[in-house]
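Working notes, beginning with the structure itself.
Each reported figure results from applying straightforward, stated rules to the coordinates on display, with no laboratory input. As the structure is a prediction and not an experimental result, all values here were calculated from the model. Ideal geometry is used to build each Cβ from the backbone, glycine not excepted, and the neighbour counts take in all protein chains shown.
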Amino acid sequence: MINIFPVRAFKDNYIWIIHNQQVALIIDPGNAAPVLNWIDQQKLQPLAILCTHHHSDHTGGIAALVQEFSIPVYGPANETIPNITHPLTEDDTLNFPALALTLDVLDIPGHTAGHIAYYGHQSLFCGDTLFSCGCGRIFEGSPQQMFASLQKLARLPDETRVYCAHEYTLSNIQFARILDPDNTNLLQWEHEAQQKLAQQLPTLPTNLALEKTVNPFLRCDQPAIIQSASQYVGHQLDDPVSIFAAIRSWKNNF
């Protein structure tokens, strides 16, 4: 049996640790110190580090962790990340027998040019591409790329648990409610998220079944989102990529 634990870092980052009682995988360690503390407390042996993209709040702790444990580092082949030992692209598969875990690699560019995700065990580790009720900013890709990446993730099974890398849920819900004010699923999710945060619990993981009902960036074909996006730009939009681009631009300034 494996467990997935969120180690908090910086203001709102989650460094996900996949582990059993002996070994652990470390995902997107922007800061080594909280990882080292938690690994030591749990008396775990790290197996590897997995990176989704090159931003420093996801990679800044790698050097210290490698120095401490001499473990392999997996990450996107199309980005420059120091200490990467295993560059990865779409259709690569990682096997970790000590965890009885297999992870498939997905290319999901948009937030960055070479962003990847890891999928397995009904779990998706998607970095800064998909958030609950939101998606990442487009820094290096195009709206078309980001839209296609989100659609790729949305085609995974509904029961897929989504382990994104930031606690952005409530602020994303506030924006989503402006776009989709009559969405009762969204109101219910806001209530549940508020309760979790009040108890100092993460709102994550979410799951794809929920996200398809509440996340405006996965609902660009829905009348409420089309209407809101069209009002924002001042003319009628009728294709999903243009609708996506409009609401992503809107969110940038929200």
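Listed by chain and number, the lysines placed with their C-alpha closer than 26 angstrom to that of K152 are K212, K251; residues fewer than eight positions away on the same chain are left out. For region 137-192, the Kirkwood hydrodynamic radius comes to 13.4 Å, computed from all pairs of different C-alpha atoms.
Reported value for region 9-77: 79 Å³ per residue, from the convex hull of its C-alpha atoms. Beta bridges assigned by DSSP with both partners in the chain are antiparallel in approximately 65 percent of cases. Across region 238-254, coupling constants 3J(HN,Hα) worked out from phi with the 6.51/-1.76/1.60 Karplus curve, θ = phi - 60°, read 9, 10, x, 5, 5, 5, 4, 4, 5, 6, 5, 4, 4, 4, 4, 10, 7 Hz, and Gly and Pro carry x. Across region 62-78, computed HN-Hα scalar couplings (Karplus, 6.51 cos²θ - 1.76 cosθ + 1.60, θ = phi - 60°) run 4, 4, 5, 5, 5, 4, 6, 10, 6, 10, x, 10, 9, x, x, 5, 9 Hz from first to last residue, x flagging Gly and Pro. Computed on the chain, with alpha-carbon pairs under 8 angstrom and 6+ residues apart, the relative contact order is 13 percent. One compactness figure for region 166-235 is 1.16, namely its Cα radius of gyration divided by 2.2 N^0.38 Å. Rounded to the nearest 500, the helix-only mean residue ellipticity at 222 nm of the chain stands at -10500 deg cm²/dmol, with each DSSP H run of n ≥ 4 adding -39,500 (n - 2.57).
For helix 169-179, report the angle its Cα long axis makes with the longest principal axis of the Cα atoms of the chain; keep it between 0 and 90° and round to the nearest 10°. With both axes taken from Cα atoms, the answer is about 20 degrees. Shape analysis of region 61-130 places it in the oblate category; the axes a ≥ b ≥ c from the Cα gyration tensor give an a/c of at least 1.5, with a/b not above b/c.
Counting beta carbons within 10 Å around each of Y168, Y118, Y232 and listing the fewest first gives the order Y232, Y168, Y118. From the largest down, region 90-219 spans 42, 35, 23 angstrom on the principal axes of its Cα atoms.
A straight line joining the Cα centroids of region 143-181 and region 38-115 runs 22 Å. Counting only alpha carbon atoms, the long axis of helix 32-42 and the longest principal axis of the chain meet at about 60°.
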